[in-house]
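Notes to accompany the following structure.
Please treat every number below as a calculation from the coordinates, not as lab data. Owing to the predicted nature of the structure, the values given are computational and were not obtained by experimental measurement. Every residue, glycine as well, gets a Cβ built from its backbone with ideal geometry; the counts of neighbours run over all protein chains shown.
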Amino acid sequence: MNLAELPNRRVEAWKYSDLRAAAGGALPPARPSSPERESLAAFAREKGDVIGMLAAAHGRAERQNIVGKHEAVVGGRVDGFGARLEVLNVVRNAELTRVIIQNGDDIDLLSTHVRLAEGAKFRQFIISEGAKLARIETRVSIEGEGAEVELNGVYMCGERRHADFTSVVEHKAPGGTTRQLVKGVAAKGGRGVFQGKIVVAPHAQKTDARQYHHGMLLEDGAEIYAKPELMIHADDVQCAHGNTAGGLDERALFYMRARGVPEAEARALLIEAFLVEAIPDGLDAAIRDELTGRIGAWLRGARP
Amino acid sequence: MFDVKNLHVSVGGAEIIKGLTLHVPAGETHALMGPNGSGKSTLAYALSGRDNYDVTQGSATLDGEDLLSLAPEERAAKGLFLSFQYPVEIPGLSVIAFLKASVNAQRKTRGLDPMPAPELLKLMRAKAEALKIDQQMLKRPINVGFSGGEKKRFEALQMAVLEPRFAILDETDSGLDIDALRIVAENVNALRAPSRGMLVITHYQRLLDYIKPDRVHVLARGRIAASGGPELALELEREGYDKYLRAA
């Protein structure tokens, strides 16, 4: 790919995350191709997945079958321009729990395509401190009956940090469930983006999908953009969604201060309480501790 | 102990408290009664230091120390406690975490080390038991899904754990059924001590059947319109606030 192909804010799917501007004229060198990467590049191109195309040409791209029950932590520091593509095929009754720790500084892009067979489960939790531009795209295709999806996440954007969570869940088979709860905070000069689409196909009856995004603007000059979309083409489904953006509850802040907790600590505790709600109960205790530790550290000043 | 002199409080530019003077000696519990809109809650918030409750004149001291120049958390660390009429819900923060933060923040401000976690937990459990609070409630997020009675019991639990020097109870009876009222009142009474003062704010006399005040004050139109013994509360119950509203 070349720079001119990078989407800018005039491209609808990227209107809150201007990749061309953020890249600022720097693409990493292309990697030598291989049949596997050629095939992934074609796959990404067919899906209109810019991150996937970049990953196939300049970054890391891989394809995996998930059989049985797996847990994965996706992390590792990305320096400079980083793009990754993962194509995951979760077979019948298999389960994947995946925690993404996004902590690059510059351009940090991850695109994941997940295909779920009958009874398969995919649970994902993202924690992101943003980057010059960080975007995590997750596309899930429910192709077998009774599959379950959980797509939670937390973003914390300090000054000049941008985090974008974009997801598309397509219910193409009956009886699937989707649970999505994303919470995020942005400080002055920070920007959080949530774009979440859920599509229920005409024959995907008995689908049960819930999507919530709650953003908190910590200071004047913070930005949070949300674009939730629910497209329901079946009639016997349960779908709910909610989206809010606001400031800290001043009544709660006074309540804590009246109990003796100094203002800065009261703020940190309240924001922490707000964010940790998105961490799923089912996660391994050590991972939970790691995630709450990261949230606590960020709130108490260890912001990148 | 607790002295308020010629206090004036404005909210959004409108003066609500208009020269209020009140003295509660150590060891005494006073009741502040008044009709809706008389400024009862405004007084409670202003004394605790809530933003936008502007004290334009007067003083408030606890054992001779000025309160009005202090932040809410500093007033709390000096031993001032406000039991909220409408306790706030905080999803995601457990009762245990909240109490732990409160106790240790106050200790820190007073120059004390944090209380060891097991000791603090034991203290919370014992106080919760006395208030007939289910131990499971300690793990729940603060006030989320609590009934009116549970919220007020939780306020009483905080007071029991924090052991303030002076407590203001703002409409503690609202939302309580008679059994919960009795339990909360018993626990408030158990906290009465020669060194501790309390100001019980209420609209109705009912609460004062359970928390017997040493003195009763009538608040009308931002001032103390009358003060007297416990019999004053009975008179108000019988005759209403009309005469004070007319006189004021």
- Message: Given Cβ point charges of +1 (Lys, Arg) and -1 (Asp, Glu) and nothing else, what value in debye, to the nearest 20, does the dipole of the range A:3-246 about its Cα centre take?
- Response: 220
- the range A:240-304-the range A:107-178 distance, computed between alpha-carbon centres (Å): 22
- Task: State the Cα centre-to-centre distance between the range B:145-184 and the range A:57-82 in whole Å.
- Result: 53
- Task: For the range A:3-246, report the convex hull volume of the alpha-carbon atoms normalised per residue, in Å³, without decimals.
- Result: 110
- Would you work out which of B:A97, A:I127, A:V200 lies farthest towards the positive end of the dipole of the protein assembly as shown, given +1 charges on the beta-carbon of Lys and Arg and -1 on that of Asp and Glu, about the Cα centre? A:I127
- Candidates B:M33, B:M198, B:M137: whichever shows maximal mean-square fluctuation once chain B is modelled as a Gaussian network with Cα springs under 10 Å: B:M137
- Task: Estimate the FRET efficiency between A:I232 and A:S33 by the formula 1/(1 + (r/R0)^6), using the beta-carbon distance for r and 30 Å for R0, to the nearest 0.05.
- Result: 0.15
- Karplus-derived 3J(HN,Hα) from phi for the range B:55-64 (6.51 cos²θ - 1.76 cosθ + 1.60, θ = phi - 60°), whole Hz, x at Gly and Pro, runs 7, 9, 7, x, 9, 9, 10, 10, 6, x
- Query: Under a plain spin-label model, where a point goes 7 Å from the Cα along Cα-to-Cβ, how far apart in nm are B:E235 and B:N189?
  - Reply: 2.5
- Lys and Arg at +1, Asp and Glu at -1: neighbours of A:Q195 with Cβ under 12 Å from its Cβ sum to +1
- Message: Is the C-alpha gyration tensor of chain B telling us rounded, prolate or oblate? Criteria: a/c under 1.5 is rounded; beyond that, a/b larger than b/c is prolate, otherwise oblate.
- Response: prolate
- Query: Can you list the residues, at least 5 places off or on another chain, whose amide H is less than 5 Å from the amide H of A:A222, using H built in the peptide plane?
  - Reply: A:G189
- Task: Of the options B:L138, A:G52, A:V182, report the single residue whose Cα projects farthest towards the positive end of the charge dipole of the protein assembly as shown (beta-carbon charges: Lys, Arg +1; Asp, Glu -1).
- Result: A:G52
- Relative contact order [Cα under 8 Å, 6+ residues apart], the range A:3-246, whole percent: 12
- Message: Skipping prolines and chain starts, which residues have an amide H placed within reach, meaning under 5 Å, of the one on A:R63, given they are 5 or more residues away or on another chain?
- Response: A:V87
- Mind checking the full-extension length gain between A:E118 and A:A13? Use 0.36 nm per residue of separation minus the Cα-Cα distance, one decimal, nm. 34.8 nm
- Message: 5 Å is the cut-off here: which amide hydrogens, built 1.01 Å from N in the peptide plane, fall below it relative to B:A26, excluding neighbours closer than 5 in sequence?
- Response: B:F2
